[in-house]
Amino acid sequence: MQKVKCAVLGATGVVGQHFLKLLKGHPYFELAAICASDARTGKKLAEMKEHVKGGIPAEFADMSFDPIDVDILVKKNVQIVFSALPADVAVDIEKEAARKGLKVFSNASSYRMDENVPILIPEVNFPHIDLINNQKKESKGYIITNANCTTTGLAMALLPIIPMGIKKMVVASYQAISGAGYPGLSAMDINGNVIPYIKNEEPKLLAECKKICGIFENGQIKPADWEVHAHCIRVPTIVGHLISVHIELENETHYNTVLENIKNYKTPEAVAGLPTTPDQPVIYIDDVDRPQPRYDVNIGTPKRAKGMAVAIGRLEVDKKIVRFITLSNNLVRGAAGGSVLNAELAFRKNMF
Ligand SMILES: NC(=O)c1ccc[n+]([C@@H]2O[C@H](COP(=O)([O-])OP(=O)(O)OC[C@H]3O[C@@H](n4cnc5c(N)ncnc54)[C@H](OP(=O)(O)O)[C@@H]3O)[C@@H](O)[C@H]2O)c1
């Protein structure tokens, strides 16, 4: 099979290095270019600091950084751009790349709320991928985003609950330091501390969650009409966002019904069997003190889908109220792994 050439923008960062790890030996995609800030141009990947264990795979170590220049990527026959750039940098470069025919899979927030750009989490909303048809008027390529890392974990955990009819949701997230990238927060700020505010995080979670779980009809998305409230809190863990979820359903239910829905949840056929699709997207852990970032952050099988599932524990049900704790890997499921899975779905749908 002819592999599709791809580039990673922001390849020195924590998300970028997860992309490199996931692209090692990928069955569909071949890494053809890496880019970061101007100061890296011409330097070899091997000279960079490895922030993520295995984030500088030996097979890519001799690659040199290109400047971020769409024309160079086009000359290198790159078709896919995996973007791990800060939003203010991504805004121009992603648009230009899409205009010139590249397919952009982005982690940046720049275009998430654009009405023609899907926030794709394949297990949750695979039909939304067709929203890219609306981009054809102005671009030869397209932009597909993934959600903010907390929202991704939440939306995945809702998979077995959505069919039961959600009315209202109150969540509190306990988010790891790596969510702020490298070097992130100062040790003085976060060591032995908890910070009850993450800039822009709560509005992003509210808006993105409703868009992701909305219905795609007549070429547009009708957002979910749930009432949602959120507190997003930074805690001194390294990887893994834990969320306490409190849901009010439309109708009364029973503990065993919800538990069975979670345990029996099956990946939609449209997404099953892709290289990075987890066999089971939502995994219930019975132990009363789990999930924990230390033990459960890499949950998911097969090997390529480690960190792509979300863990749920501590389920409680009382009439219309459903409560649980969920944990997801912000750098894999919430970032690089999510984008790679989105590109795999596009590959299956012959969108390159
Ligand atoms: N961390 C997460 O959990 C997470 C989850 C979901 C989404 N995201 C989003 O993913 C993106 C990357 O996040 P991250 O956590 O990986 O951040 P990071 O560790 O700070 O990495 C940022 C990357 O962008 C590059 N960069 C910065 N300024 C640039 C410029 N002016 N021109 C070109 N390249 C530039 C950096 O290159 P240099 O090293 O050369 O400066 C680095 O490679 C952000 O938009 C973030 O919001 C992050």
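Since every read-out is calculated from the coordinates, none of them should be taken as a lab result. All values derive from a computational prediction rather than experimental measurement. For neighbour counting, all protein chains shown are included, and Cβ atoms are generated from backbone atoms with ideal geometry for every residue, glycine included.
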For residue 214, what residues show an amide H to amide H distance below 5 Å, using hydrogens built from the backbone and excluding near sequence neighbours? 224
Once you have a ≥ b ≥ c as the square roots of the Cα gyration tensor eigenvalues for region 1-96, tell me rounded if a/c is under 1.5, and otherwise prolate or oblate according to whether a/b is larger than b/c. rounded
Dipole-positive endmost among 188, 230, 212 within region 149-329 (Cβ charges, Cα centre): 188
Amide H contacts of residue 56 (H built 1.01 Å from N, under 5 Å, at least 5 apart or other chain): none
Note the angle between two axes, namely the Cα long axis of helix 149-158 and the longest principal axis of the Cα atoms of the chain, as a number of degrees from 0 to 90, rounded to the nearest 10. 40
How far is helix 14-23 tilted, in degrees, relative to the longest principal axis of the Cα atoms in the chain, given as a value from 0 to 90 rounded to the nearest 10? 80
Hey, what do the phi angles of region 340-346 turn into as Karplus ³J(HN,Hα) couplings, whole Hz, using 6.51/-1.76/1.60 and θ = phi - 60°, x for Gly and Pro? 5, 5, 4, 5, 5, 5, 4
For 245-254, 81-90, ranked highest to lowest by mean beta-carbon neighbours within 10 Å, the order is 81-90, 245-254
Between region 281-352 and region 1-18, how far is it from one alpha carbon centroid to the other, in angstrom? 22
For region 193-352, shape from the Cα gyration tensor axes a ≥ b ≥ c, cut at a/c of 1.5 then a/b versus b/c, turns out rounded
Please give me the summed charge of the neighbours of residue 97: other residues whose Cβ is under 12 Å from its Cβ, Lys and Arg +1, Asp and Glu -1. 0
Summing -39500 (n - 2.57) over every DSSP H run of at least 4 in the chain, dividing by its residue total and rounding to the nearest 500, the 222 nm mean residue ellipticity is -6500 deg cm²/dmol
In Hz, Karplus ³J(HN,Hα) per residue of region 236-242 (6.51, -1.76, 1.60; θ = phi - 60°; x = Gly, Pro): x, 9, 8, 9, x, 9, 9
By a straight-distance test (C-alpha under 23 Å), which lysines pair with residue 103 as possible cross-link partners, with residues fewer than eight away in the same chain excluded? 3, 5, 21, 24, 75, 76, 95, 136, 137, 140, 211, 349
